[in-house]
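For reference, the structure is listed below as structure tokens.
The values are calculated or read from the model by the stated rules, or taken from the named source; none is laboratory data. Note that the structure is predicted; figures quoted are calculated from it, not measured. Note that each Cβ is placed from the backbone with ideal geometry, even for glycine, and that neighbours are counted across all protein chains shown. Keep in mind that these areas ignore ligands, DNA and RNA; they rest on the heavy atoms of the full protein, side chains included. Shrake-Rupley method; radii C 1.70, N 1.55, O 1.52, S 1.80 Å.
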Amino acid sequence: MVAAVATLGLTACGSDEESADVVRIGTTESDPQWDVFESKAKEQGITLKITRYSDYSQPNTALAQKQIDVNLFQHLQFLGQFNVANNEDLTPIGATQIVPLGLYSKKHKTLADIPQGGEIAIPNDPTNQARALFVLQSAGLLKLSGDVRQPSPADVDKGASKVKVTPVDAAQTALSLASVDGSIINNTFLQKSGIDPSSALYKDDPKSPGAEPYINTFVTRAADKNNATYLKLVQIWHDPEVQKAVSETSKGTSVEVNRAGPELEQILARVQQTIREKK
């Protein structure tokens with residue numbers, strides 16, 4: 001079992017190579033930017049041992065159980081949900097990007113084309129569901145009752161809304177396009193379904209204060225948040241060559257965010273407080 005950051009003495013084998021820091025990092029992604037990121041880390045003396053998980057439920061558990069040292073796959077809202085549900089204190093140490101969340105349709109070309117009483121599929125997990133409802137409210141398609149910071153379909157004012165929402169598994173939002181008036185689809189499933197992000201009828205504004213919970217971050221255990229090697233990985237992620245690969249993968253939709261750990265911790269604390277109040 002490798003410790004949080006293990007230093008391997010390569011010269012023990014008679015090599016002249018310098019020792020390298022080894023970091024076990026977990027993700028759900030296999031996009032081209034990871035090859036660039038791994039190469040850039042190697043140039044900086046850091047060897048990445050990448051574990052790719054098949055679903056979002058695994059990387060945080062693996063991190064909490066010390067099977068990996070760092071993970072990179074989630075935004076702060078998702079991290080907050082995990083921490084509150086599992087009484088954990090996993091901690092963000094640096095930001096990467098925000099990817100706008102959009103409304104897509106095969107039946108309609110504009111928001112105005114969506115009929116009264118139209119059906120919109122939204123992700124059924126609490127993290128993406130709340131954001132999807134805010135997207136639809138901002139688009140003028142529905143109204144939420146009161147000032148709700150983490151809404152669910154129960155908070156929709158049906159009488160004042162143009163559309164009705166149907167929660168489905170996030171993986172089904174793209175597959176539902178043929179049978180509904182529109183779907184809120186996150187970037188992961190856009191890529192898997194070959195949907196052009198530029199075809200969205202509407203997207204949220206990644207630069208608005210309301211988008212802060214959806215900043216994607218590097219995450220580690222609280223005790224390791226000041227680890228110099230892990231913090232160096234954050235810097236490497238913002239290397240222009242890595243960012244070029246990120247932009248190409250997202251087809252120009254991702255918005256780079258470069259915010260430090262302490263600021264992200266403050267946002268996470270607000271997110272977690274909202275989650276606890278909602279319970």
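In the chain, taking the dipole from charged Cβ atoms about the Cα centre, the farthest positive-side position among Ala64, Gln33, Thr188 is held by Thr188. Send over the semi-axes of the range 182-249's equivalent ellipsoid, whole angstrom and largest first, taken as the square roots of 5 times the C-alpha gyration tensor eigenvalues. After scaling each eigenvalue by five and taking roots: 29, 16, 12 Å. Taking Cβ atoms as reference points and 12 Å as the exclusive limit, the residues near Lys244 contribute a net charge of -3, counting Lys and Arg as +1 and Asp and Glu as -1.
Annotation: amide H of Ile68 within the under-5 Å range of Leu63, sequence separation 5 or more or interchain, hydrogens built in the peptide plane.
For q values of 0.29, 0.33, 0.35 Å⁻¹, compute log₁₀ I(q)/I(0) with the Debye formula on a Cα-only model of the range 36-76, without solvent. Log10 of I(q)/I(0), two decimals: -1.02, -1.13, -1.19. Summed over qualifying helices (DSSP H, 4 residues or more, each -39500 (n - 2.57)) and divided by its residue number, the chain shows a 222 nm mean residue ellipticity of -9500 deg cm²/dmol. Contact order for the chain, expressed relative to its length and based on alpha carbon pairs under 8 Å spaced 6+ residues apart, stands at 28 percent. When Asp196, Asp204 are compared by accessible area at a 1.4 angstrom probe, the order from most to least is Asp196, Asp204. So what does log10 I(q)/I(0) come out to for the chain at q = 0.14 Å⁻¹, using the Debye formula with one equal point on every Cα and no solvent? Per q value, in the given order, log10 I(q)/I(0) is -1.00.
Computed from backbone phi with θ = phi - 60° and the Karplus coefficients 6.51, -1.76 and 1.60, the 3J(HN,Hα) list for the range 230-239 is 5, 5, 5, 4, 4, 4, 5, 4, 8, 4 Hz; x is used for glycine and proline. Of the listed residues Glu256, Glu43, the order by accessible area with a 1.4 Å probe, largest first, is Glu43, Glu256. Each of Thr110, Thr127, Ala154 was scored by the projection of its Cα onto the charge dipole of the range 96-188, and the greatest displacement toward the positive side belongs to Thr110; charges sit on the C-beta of Lys, Arg, Asp and Glu. Note on the range 116-164: Kirkwood radius taken over Cα pairs, Stokes-Einstein applied at 25 °C and 0.890 mPa s, translational D equal to 231 µm² s⁻¹.
For the listed residue pairs Lys49/Lys192; Lys107/Lys207; Lys203/Lys251; Lys49/Lys232, the alpha carbons are over 18 angstrom apart in Lys49/Lys192; Lys107/Lys207. Available extension along the chain between Ala178 and Gln273 is 30.4 nm, counting 0.36 nm per residue and deducting the alpha carbon span.
The Ala154 and Lys192 beta-carbon pair, evaluated with R₀ = 41 Å, returns a calculated FRET efficiency of approximately 0.85.
Magnitude of the charge dipole for the chain, about its Cα centre and with charges confined to Cβ atoms of Lys, Arg (+1) and Asp, Glu (-1), is about 900 debye.
P(r) tail, the range 160-279: Cα-Cα pairs separated by more than 19 Å, 63% of all pairs.
Once all protein chains are placed together, Lys251 keeps about 130 Å² accessible to a 1.4 angstrom probe. This model, with +1 at the C-beta of Lys and Arg and -1 at the C-beta of Asp and Glu, gives the range 198-268 a dipole about its Cα centre of some 80 debye. With N as its number of residues, the range 35-162 has a Cα radius of gyration that, divided by 2.2 N^0.38 Å, comes to 1.38.
For the pair Lys66 and Glu265, a Förster radius of 22 Å applied to the C-beta separation gives a FRET efficiency near 0.60, rounded to the nearest 0.05. Largest first and in whole Å, the equivalent-ellipsoid semi-axes of the range 14-101 read 26, 16, 11, each the square root of five times a Cα gyration tensor eigenvalue.
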